[in-house]
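The values are calculated or read from the model by the stated rules, or taken from the named source; none is laboratory data. The shown structure was predicted, so the numbers you read here are calculated from the model rather than taken from an experiment. When we count neighbours, we look across all protein chains shown, and the Cβ atoms used for this are built from the backbone with ideal geometry, even at glycine.
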């Protein structure tokens, strides 16, 4: 193998964070080899898995004077004797508009709405702060490390920070609007420390949105409308809308029977919606007009029974089981959940 006389990487590194020379692994260097580092780079010199030194921009001649640790590796040898090593060129550019987002829904226990699935996304700007730490902790023995590769890893770290912070600071997604800035600042503080542990400097962080499923958003909109106009007026509006929709579905708005069906459906829909939203806003109290019947809750429940008991969707309950938050026994393809496990989950 030819001894390397000049070691450099000429790419502008606009979408690459780290690149190793030689690309195939360690190569043969000798004292006197020229290391060329451009103004947007730093070079980390490695031998036998140990970082010997970090070089800034400029042309460097490799000697025991600028890499003192070579003495312990080479001993008393002639300058022309080759030795095996490698150089990692690290881009020191700022990388703006990097994207992050949750791959899967975050399961959040909402005090008003029960188990809710949330998604979050946003952007950030980063720059390498400690090249040697980055190479040691994230790059390993890879030939190159692109911004796409690190973006995927960092997105997972940010998602975990979001989940931790929501559990600490947020009780209900109904409070998201007034707490957005506080949540964004809290996530940035958590993420900045995590980035620093990998040799990265977080310059800017933006929380784009935290969004619940469409059906939950619709419920929130209906609740807001009811509180704005009053429950009675909202009931009238819902009833009229139900009459219109049901009559249209009946295919004969002028017929007495169709009108009757439409009216009954409209009244039922309006009353049900108003009652549901009123109950949600009041924290789940009993409907007016009489004492509710006390449901019989079995000690052992199926997935659907547990979901009904928790007032959550089966997907949310399954996600909590998969995450280890809710204890359950799998029998074949079905789950059985004890009432005590659910109580422990709610009180945790």
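Couple of notes before you dig in:
- Leading residue by the ranking (surrounded by the most Cβ atoms within 10 Å (Cβ to Cβ)) among those in segment 1-53 that are free of Cβ contacts under 8 Å to residues at least 24 places away in the same chain and either touching a strand residue (DSSP E or B) at 6+ places or on another chain (Cβ under 6 Å) or outside any loop (DSSP other than H, G, I, E, B) (or both): 53
- For segment 151-183, the tally of residues that are touching a residue at least 60 places away in the same chain (Cβ under 8 Å) and in a helix (DSSP H, G or I) stands at 4.
- Restricting segment 109-152 to residues that are under 20 Å from residue 41 (Cβ atoms) and crowded, with 20+ Cβ neighbours inside 10 Å, the residue that is modelled with the lowest pLDDT is 139.
- When residues in segment 54-82 are screened for being over 14 Å from residue 7 (Cβ atoms), surrounded by fewer than 16 Cβ atoms within 10 Å (Cβ to Cβ) and at pLDDT 90 or above, 2 of them pass.
- Failed criterion for residue 198 (all others in (1) modelled with pLDDT of 90 or more; (2) in contact with a helix residue (DSSP H, G or I) (Cβ under 7 Å, 6 or more places away or on another chain); (3) more than 28 Å from residue 47 (Cβ to Cβ) hold): (3)
- Looking only at segment 54-67, and only at residues there that are over 15 Å from residue 135 (Cα atoms) and not in a loop (DSSP other than H, G, I, E, B), the one that is nearest to the chain's Cα centre (by Cα): 58
- For segment 323-339, the candidate set comprises residues that are out of contact with any strand residue (DSSP E or B) (no Cβ under 9 Å at 6 or more places or on another chain) and not in a strand (DSSP E or B); within that set, the residue that is farthest from residue 303 (Cα to Cα) is 324.
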